[in-house]
Ligand code: G16
Ligand code: MG
């Protein structure tokens, strides 16, 4: 039986992707790499430095910058991003998430966060949701990012739960793969074609209710 829920942040709890994109877009302009929606999509769930490398690779510019220069570009992106995050409020919580978190808390489930973002704590604070999560995976301690199972496996461990007693919730295919690999039940939120490997898929965060989840399993 299910005792815990492990949440992705971006795309499940709030749409930080638009802020990440805006912040990266300025860096892409600086290094003169053309920006498009496809590039923006590729950066979802990917760590900061991997994202920068993807942008540079897009312009065949990976070797044009030293490690120090790359650090500086990644730092510049983060400064752009933090300006946007600092303007976030509870109004930026995705539809239905407040109600779902309250329902889980009331049901006695344990909650952890499995986000690749080093700014996840700040984002949860801005949204007023930090109190719901007993634990957060520290992304700096991970050897591999999503789709590797490590982050979701740790999401269960820090709650002292076994993976089979946990549900992971994700909006990205790489995240679903991570949840499945960890031996947990996966819920996808988004396009069922993209999230075909999820055990359950809902088209929007509005559909995340214990009732809907139980209906699928019973
Ligand atoms: C998020 C975003 C990624 C971002 C990453 C690292 O992942 O989806 O685009 O690059 O975090 O963020 P930061 O630069 O703040 O450390 P997730 O796992 O929450 O979807
Ligand atoms: Mg996500």
Determine one quarter of the surface area of the Cα convex hull of the chain, which equals its mean projected area, and express it in nm² to one decimal. 11.6
Using a Förster distance of 22 Å, the FRET efficiency for residue 211-residue 160 (Cβ separation, nearest 0.05): 0.20
Two-site FRET efficiency, residue 54 against residue 203, from Cβ-Cβ distance with R₀ of 25 Å, rounded to 0.05: 0.35
Given a Förster distance of 35 Å, report the FRET efficiency between residue 31 and residue 106 from their Cβ-Cβ distance, rounded to the nearest 0.05. 0.15
Using label points projected 7 Å from each Cα along Cα→Cβ, tell me how many nm separate residue 61 and residue 140, to one decimal. 2.8
Which of 173, 76, 198 ends up with the largest GNM mean-square fluctuation for the chain, with Cα atoms connected below 10 Å? 76
Between the stretch 171-218 and the stretch 63-99, how many Å separate their Cα centres? 26
Calculate for the chain the 222 nm mean residue ellipticity that helices alone would give, adding -39,500 (n - 2.57) per DSSP H run of length 4 or more and normalising by residue count, nearest 500 deg cm²/dmol. -12500 deg cm²/dmol
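Read-outs: derived from the displayed coordinates by stated rules, not from any lab. Not measured: the values here are computed from a predicted model. Don't worry about glycine lacking a Cβ; one is built from the backbone with ideal geometry, like all the others, and counts go over all protein chains shown.
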